[in-house]
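The values are calculated or read from the model by the stated rules, or taken from the named source; none is laboratory data. These figures come from a predicted structure and were not determined experimentally. All Cβ positions, glycine included, derive from the backbone under ideal geometry; neighbour counts span all protein chains shown. What goes into the accessible areas is simple: the full protein's heavy atoms, side chains included, and nothing from ligands, DNA or RNA. Shrake-Rupley method; radii C 1.70, N 1.55, O 1.52, S 1.80 Å.
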Amino acid sequence: MRVLTGIQASGKLHIGNYFGAMKPMIELQEKEELFTFIANYHSLTTSKNANLLRELTFDAAVDYLSLGINPEKTTFWVQSDVPQVLELYWMLSKFTPMGLLERAHSYKDKVAKGITANHALFSYPVLMAADILLLDTQKVPVGKDQIQHVEMTRDIATKFNNEYGEIFTLPEHMVNDNVATIPGIDGQKMSKSYDNAIDIFMESEKKLQKRCNKVLSSSTPLGEPLEYEGCHIYNLASLFLDEDRKSELRTRYKSGEEGYGHFKKYLKELIWEEFSQAREKREMYLNNPDLVKDILSDGAKKMQIIANDKMLQVREAVGIL
Ligand code: ADP
Ligand code: TRP
């Protein structure tokens with residue numbers, strides 16, 4: 001099955017991103033034909049700084065490769081290296097009623113947050129439809145906020161197919177309901193916008209410990225048993241533990257011999273250990289930027305073949321010579 005994921009490069013990744021989006025994606029590449037790209041044309045809708053966009057795009061590539069995107073299995077590229085998608089975007093625009101775009105939650109939310117409404121922001125879902133339809137995507141793993149965009153893609157593809165024949169495959173969204181919302185250090189949903197995130201790649205173990213020390217806990221005095229239910233430290237640590245080790249941790253909570261300070265230290269160790277291999281790989285990629293560029297360029301070449309083939313069909317269908 002052909003699966004497509006698009007990544008908005010938006011800075012440092014946190015462990016909510018990892019468990020909510022990246023880990024399931026990395027697992028997918030073992031089972032499905034996975035295509036993953038960095039949506040830098042989409043990022044242009046909100047970017048104000050060229051250097052920053054360049055850096056974020058490169059860093060996202062490094063982070064995803066370090067955390068487990070395997071270029072032997074997954075086609076991995078940067079959106080702008082396959083500009084055919086912009087031609088398709090134009091072709092699809094004719095099949096996108098204004099009303100459809102006006103109903104987009106994500107556009108309305110962005111405008112409500114004060115982002116200036118412009119045409120790129122408004123037509124963002126059409127470009128996303130082009131990403132999806134360019135390669136006959138069957139499944140699109142997305143967060144709940146993006147389901148509507150996949151539905152819009154189906155509407156647009158259906159309209160096009162009705163007029164010009166069965167050119168596009170209708171995609172389905174894929175939402176992983178088993179993935180829980182990961183809490184931040186204050187127990188609310190972890191998000192880079194709430195200043196409650198624990199980043200995957202912290203500069204040092206010491207900084208990571210400082211962050212873990214900020215996880216909100218109650219103030220049971222040392223020597224008394226601790227309640228693990230509802231404890232943010234326990235909930236975060238559980239993400240890294242199998243059932244046996246969770247049970248051991250519960251026993252430690254109940255024994256009363258350790259305080260929250262010990263468990264914050266333990267949480268730091270779990271996080272540091274989980275990403276130790278990824279950190280090494282990341283160092284390697286950061287020291288070899290050409291290797292990253294080669295991987296992305298190989299991915300783009302594979303995509304070029306698919307894109308050219310599809311665009312030939314589309315051009316032929318609509319009568320562009
Ligand atoms: P943020 O909320 O930090 O801005 P994004 O919206 O960039 O995160 O999310 C990128 C991906 O990570 C999305 O697929 C989203 O579902 C997932 N994700 C983000 N935060 C969490 C979380 N706290 N728990 C589970 N998944 C999350
Ligand atoms: N809009 C998606 C997001 O914000 C990113 C994206 C762009 C995408 N094009 C896509 C996701 C195509 C899946 C398929 O997360």
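Residues that are within 29 Å of PHE240 (Cα to Cα) and without any contact (Cβ under 8 Å) to a residue 24 or more places away in the chain: does region 262-270 have at least one?
yes
Which of the residues belonging to region 157-180 are surrounded by fewer than 18 Cβ atoms within 10 Å (Cβ to Cβ) and more than 16 Å from ligand 2 (Cβ to nearest atom)?
THR158, LYS159, ASN161, ASN162, GLU163, TYR164, GLY165, GLU166, ASP177, ASN178, ALA180
Which ranges mark the helices (runs of 4 or more DSSP H) fully within region 101-217 that have 3 or more residues being more than 19 Å from MET25 (Cα to Cα) and within 16 Å of ligand 1 (Cβ to nearest atom)?
105-112
Okay, residues lined up against (1) within 25 Å of THR153 (Cα to Cα); (2) among the small types (Gly, Ala, Ser); (3) outside the structural domain of GLY114 (by TED's automatic domain parsing):
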{"residue": "LYS12", "(1), (2), (3)": "no, no, no"}
{"residue": "GLY16", "(1), (2), (3)": "no, yes, no"}
{"residue": "ALA21", "(1), (2), (3)": "yes, yes, no"}
{"residue": "LYS31", "(1), (2), (3)": "yes, no, no"}
{"residue": "LEU34", "(1), (2), (3)": "yes, no, no"}
{"residue": "ALA39", "(1), (2), (3)": "yes, yes, no"}
{"residue": "THR46", "(1), (2), (3)": "yes, no, no"}
{"residue": "TYR64", "(1), (2), (3)": "no, no, no"}
{"residue": "ILE69", "(1), (2), (3)": "no, no, no"}
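Checking GLU248 against (1) surrounded by 15 or more Cβ atoms within 10 Å (Cβ to Cβ); (2) without any contact (Cβ under 8 Å) to a residue 12 or more places away in the chain: exactly one of these is not met. Which one?
(1)
I'd like to check something: does region 258-276 contain any residue that is within 30 Å of THR75 (Cα to Cα) and loosely packed, with under 14 Cβ neighbours inside 10 Å?
Within region 258-276 (the criterion being within 30 Å of THR75 (Cα to Cα) and loosely packed, with under 14 Cβ neighbours inside 10 Å), the answer is yes, since at least one residue qualifies.
Working carefully through the options ALA61, ALA129, ALA50, ALA39, find the one that is at pLDDT 95 or above and open to solvent by 60 Å² or more (accessible area, probe 1.4 Å).
The match here is ALA50.
Looking at region 1-73, what helices (runs of 4 or more DSSP H) fall wholly within it and have at least 2 residues that are of a type outside the set (S, T, N, Q), more than 12 Å from ligand 1 (Cβ to nearest atom) and under 13 Å from the mean Cα position of the chain (by Cα)?
Answer list for region 1-73: 50-67.
Is it the case, given these coordinates, that ALA9 is within 22 Å of PHE122 (Cβ to Cβ), at pLDDT 95 or above and among the aliphatic types (A, V, I, L, M)?
No.
I want to confirm something. Restricting to region 300-321 and keeping residues that are assigned to a helix (DSSP H, G or I) and out of contact with any helix residue (DSSP H, G or I) (no Cβ under 8 Å at 6 or more places or on another chain), which single residue is most open to solvent (accessible area, probe 1.4 Å)?
GLU316
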